[in-house]
Amino acid sequence: MIDVLPFQPFAPAFRVALPYGLIAGIHLPSTSDPVAPPVLARLHPDERDYARSLGGFRQVQFVGGRLALGELLNELGLRRAAVVPNVHGAPELPPGFVASVSHKQDLAVALVARGHGVGIGVDLEDTDRNRPGVASRVLRAEEFAVVQGLAESRQWVDTVVRFSVKESVYKALHPFLLRYIGFGEVAVWPEPDGNDRVEPFLRPGEGPFRFEARHMWLGARVLSMVRVRPVATP
Ligand SMILES: CC(C)(COP(=O)(O)OP(=O)(O)OC[C@H]1O[C@@H](n2cnc3c(N)ncnc32)[C@H](O)[C@@H]1OP(=O)(O)O)[C@@H](O)C(=O)NCCC(=O)NCCS
């Protein structure tokens, strides 16, 4: 259970240590107005330049994600480095650190950990609006069959948990594969305790990888986290 601080635009929402790293949330304003200079001033100059190249909600969300990353780097005692997106869009940290970012309209979250040869991913998804058609697009046939067998009231939430873990898998795994990874390339088996199982269906020669996945609740939202490591083969 994560306690969320009262809302103030671009102020911390929470900061907690979880098994795969430190996670921070930043409240975001509900408007797409340009981010005010005093807020931009809290970023590293290179991040500020990048933020100025963006507009609307994209700018707001990028700034929120970088403020969250900045807090965590500070907490880890790391000299504040710029974290601009690499050519694939992923946040790239100094050697020995890994990070991931996710945002919704009113909240940005970042997950940061120490580590070499490891990938992490974080994702935030809303559950309040049932969107028919998502399940058949993001689930493998065997996942879809299991979801269809659940009580109707559980089907959408179970789909969102699987979807969110898949998005986290993408962020954690993409740095190793450097290619688009389809939703059918992993199956996710959620567990009631939040320690979920990820079953990969990657291309021949890719991996093997060890996947660890968890999900928890942030109000009505799913917050998922994934850690991926290549497994040494004899
Ligand atoms: C890239 C993607 C995962 C982003 O997820 P999203 O729900 O659209 O958006 P979120 O707000 O959660 O995440 C956005 C953040 O993703 C991160 N991101 C983007 N591309 C990334 C990549 N290749 N690797 C790791 N992280 C990446 C960025 O940090 C970005 O935020 P920032 O630009 O402010 O730094 C998603 O758009 C996508 O393309 N998915 C591909 C298909 C997929 O998920 N397959 C799952 C099977 S494993």
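The values are calculated or read from the model by the stated rules, or taken from the named source; none is laboratory data. Note that this is a predicted model, so its numbers are computed, not measured. Here Cβ is always computed from backbone atoms with ideal geometry, including for glycine, and neighbour counts include all displayed protein chains. Only protein heavy atoms, including side chains, enter the accessible area calculation; ligands, DNA and RNA are left aside. Shrake-Rupley method; radii C 1.70, N 1.55, O 1.52, S 1.80 Å.
Residues that are of a type in the set (Asp, Glu): list the strands (runs of 3 or more DSSP E) wholly contained in region 154-227 that include at least 2 such residues. Break it down stepwise before answering.
Numbers: elements: 186-189, 195-200, 209-218.
By residue number, 195-200.
Sort through VAL161, VAL169, VAL165, VAL138 and tell me the only one that's touching a helix residue (DSSP H, G or I) at 6+ places or on another chain (Cβ under 6 Å), open to solvent by less than 20 Å² (accessible area, probe 1.4 Å) and not assigned by TED's automatic domain parsing to the domain that holds LEU73. Show your work before the answer.
On the way: VAL161 fails: touching a helix residue (DSSP H, G or I) at 6+ places or on another chain (Cβ under 6 Å); VAL169 fails: touching a helix residue (DSSP H, G or I) at 6+ places or on another chain (Cβ under 6 Å); VAL165 fails: touching a helix residue (DSSP H, G or I) at 6+ places or on another chain (Cβ under 6 Å).
Of the residues listed, the single one that is touching a helix residue (DSSP H, G or I) at 6+ places or on another chain (Cβ under 6 Å), open to solvent by less than 20 Å² (accessible area, probe 1.4 Å) and not assigned by TED's automatic domain parsing to the domain that holds LEU73 is VAL138.
Which of the strands (runs of 3 or more DSSP E) found entirely inside region 1-119 contain at least 3 residues meeting this: of a type outside the set (S, T, N, Q) and buried (at least 23 other Cβ atoms within 10 Å of the Cβ)? Spell out how you get there, then give the answer.
Values: elements: 12-18, 21-27, 97-104, 107-114.
Those strands (runs of 3 or more DSSP E) span 21-27, 97-104, 107-114.
Would you mind stating whether ARG210 is open to solvent by less than 30 Å² (accessible area, probe 1.4 Å) and modelled with pLDDT of 95 or more? Lay out the reasoning, then the answer.
Values: open to solvent by less than 30 Å² (accessible area, probe 1.4 Å): no; modelled with pLDDT of 95 or more: yes.
No: the conditions fail for ARG210.
Any chance you could count how many residues in region 219-234 are at pLDDT below 95 and either crowded, with 16+ Cβ neighbours inside 10 Å or among the small types (Gly, Ala, Ser) (or both)?
Counting residues in region 219-234 that are at pLDDT below 95 and either crowded, with 16+ Cβ neighbours inside 10 Å or among the small types (Gly, Ala, Ser) (or both) gives 3.
Is it the case that region 192-215 has a residue that's among the aliphatic types (A, V, I, L, M) and touching a Pro at 6+ places or on another chain (Cβ under 6 Å)? Full working, then the answer.
Going through region 192-215, the residues among the aliphatic types (A, V, I, L, M) turn out to be 198, 202, 213.
Pick out the ones that are also touching a Pro at 6+ places or on another chain (Cβ under 6 Å) and you get none.
Scanning region 192-215, I find no residue that is among the aliphatic types (A, V, I, L, M) and touching a Pro at 6+ places or on another chain (Cβ under 6 Å), so the answer is no.
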